[in-house]
2 protein chains.
Amino acid sequence: MLNEFDIFKDFLHQQKLRWTPQRKMILDVFLSFDGHVQIESLHEKMQAQDPSLGIATLYRTLKLLVDCGLVEAHSFQNGRKTYERTFHVRHHDHLICTRCETTIEFEHPLIEKYQLEICEQYGFSLKSHKMELLGICRNCRK
Amino acid sequence: MLNEFDIFKDFLHQQKLRWTPQRKMILDVFLSFDGHVQIESLHEKMQAQDPSLGIATLYRTLKLLVDCGLVEAHSFQNGRKTYERTFHVRHHDHLICTRCETTIEFEHPLIEKYQLEICEQYGFSLKSHKMELLGICRNCRK
DNA sequence: TTTTATAATGATAACGATTATCAATATAAA
DNA sequence: TTTATATTGATAATCGTTATCATTATAAAA
């Protein structure tokens, strides 16, 4: 059974790039998070494990993970990037609080169904979709 | 009939802020664009009308327009912000062909309804949403 | 195993969009 | 008018992200 490490290794090999301890560790730390992660969180956790690892390597490796399809990059309100795992994860949409930037994942089968309907109507073959609902979350409304 | 200028003026007055020629001109230039605008485009067009107007004022005014609800700010992949008019504009979603980049606008009342349902469920107050369906269009499938 | 070509690393300088600072000026209420 | 203070333009500062570069590590070949 293929896992993220094998996929990353294969990708690197195909591109004539190298499998290094740093890249292994970064993928490891990344996978230990759920949902959306910011560089800052990854960096903190990495520093705890190996303070010698530089931030540039972190950015570089995240970019490779995006290139090989294991990770998706988003850029939200404050201009800071967030990274999200895309492999072995059910598809979901996002509720985003525009005040505190909390993100909640959800899924609604009927919305998916109507999306397909619309695509048929216009002769589209649907590959993927992105839906973000922007608003103010329960906490921020208090 | 209330227009954008009146709304902005009222907002400024309420906040004890001032109505200035620069703010008028920026709103004017902003409204002359359709869809998403970047600071760069606004700045160019403004320079043509009045080269003395500074970029800081542009940023400051855009922020005020967002605060008073006339404009919505997004931040896309490249980290650059885009601004979108939100008043007197029908909302719409997008079907995007990933091959030829054709974009079709659509609207589906039931999807909107279920979005509201989801927000209620999580205690969100919905302000806006973005939905993009990515696929291959009729032409490209031939 | 040793050699060798070259990819990767960490430190840090550079970049670029946005924001903060500040002295001079403009606004609007009294 | 006068007066308090908000606004302006210029530009320095900020901060997340990238590029640079000398040193080191990797992996394929010998």
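Counting only heavy atoms of protein chains, what accessible area per residue, in Å², does segment B:93-141 have with a probe of 1.4 Å?
Ligands and nucleic acids excluded, the result is 55 Å² per residue.
Given the Cα-Cα distance of residue B:22 and residue B:66 and 0.36 nm per residue of separation, how much length would full extension add, in nm?
14.2 nm
With the convex hull built on the Cα atoms of segment A:93-137, state its orientation-averaged projected area in nm².
3.5
What does the buried accessible surface come to for B and A, summed over both chains, with the probe at 1.4 Å? Round to 100 Å².
3500
Could you tell me what percent of the accessible area of the protein assembly as shown is made up of carbon and sulfur, with a 1.4 Å probe and every protein chain present?
Taking all protein chains in place, the protein assembly as shown shows 49 percent carbon and sulfur surface.
Find every distance from the label point of residue A:63 to the corresponding label point in the other copies (7 Å from Cα along Cα→Cβ) and write them in nm, one decimal, shortest first.
Label-point separations across copies, in nm and ascending: 3.0.
For residue B:45, place a label point 7 Å from Cα along the Cα-to-Cβ direction in every copy; what are the distances to the other copies, in nm, shortest first?
For residue B:45, the other copies' label points sit at 4.4 nm, shortest first.
Run lengths n ≥ 4 of DSSP H only: what is the helix-derived mean residue ellipticity at 222 nm for chain B, with -39500 (n - 2.57) per run over all residues, to the nearest 500?
My calculation for chain B gives -13500 deg cm²/dmol from helical runs alone.
Springs between alpha-carbon pairs under 10 angstrom, Gaussian network model over chain A: which of A:122, A:114, A:83 fluctuates most?
Fluctuation is largest for A:122.
Enumerate lysine pairs in chain A that are 8 or more residues apart or on different chains, then count those whose Cα atoms are under 30 Å apart.
27
Of the residues B:103, B:82, B:57, which exhibits the maximal mean-square fluctuation in a Gaussian network model of chain B defined by a 10 Å Cα contact cut-off?
Result for chain B, Cα springs under 10 Å: B:103 fluctuates most.
Given DSSP loops and a limit of at most 12 other Cβ atoms within 10 Å, what is the longest stretch of chain B that contains no such GluC sites (Glu not before Pro)?
No qualifying site falls inside B:1-100, the longest such stretch.
Given R₀ = 35 Å, FRET efficiency for residue A:122-residue B:88 by Cβ-Cβ distance, to 0.05? Before the final figure, lay out each step's value.
Working: r = 27 Å, r/R0 = 0.76.
Computed FRET efficiency for residue A:122 and residue B:88: 0.85.
Which residue, B:14, B:47, B:22, tops the fluctuation ranking in a GNM of chain B built on C-alpha contacts under 10 Å?
Answer for the Gaussian network model of chain B: B:14.
Looking at the square roots a ≥ b ≥ c of the eigenvalues of the Cα gyration tensor of the protein assembly as shown, which shape do they give, rounded for a/c under 1.5, prolate if a/b is larger than b/c, or oblate? Present the calculation step by step, with values, prior to reporting the outcome.
Numbers: a/c = 1.83, a/b = 1.43, b/c = 1.28.
Prolate, since a/c reaches 1.5 and a/b exceeds b/c.
Please compute the modelled spin-label separation between residue A:99 and residue B:141, points set 7 Å along Cα→Cβ, answer in nm with one decimal.
4.4
The values are calculated or read from the model by the stated rules, or taken from the named source; none is laboratory data. Quick caveat, the model's predicted, so the values are computed rather than measured. Glycine gets a Cβ as well: all are built from the backbone with ideal geometry, and neighbour counts include every protein chain shown. The protein model used for the area step is the full one, side chains on, heavy atoms only, and it has no ligands, DNA or RNA in it. Shrake-Rupley method; radii C 1.70, N 1.55, O 1.52, S 1.80 Å.
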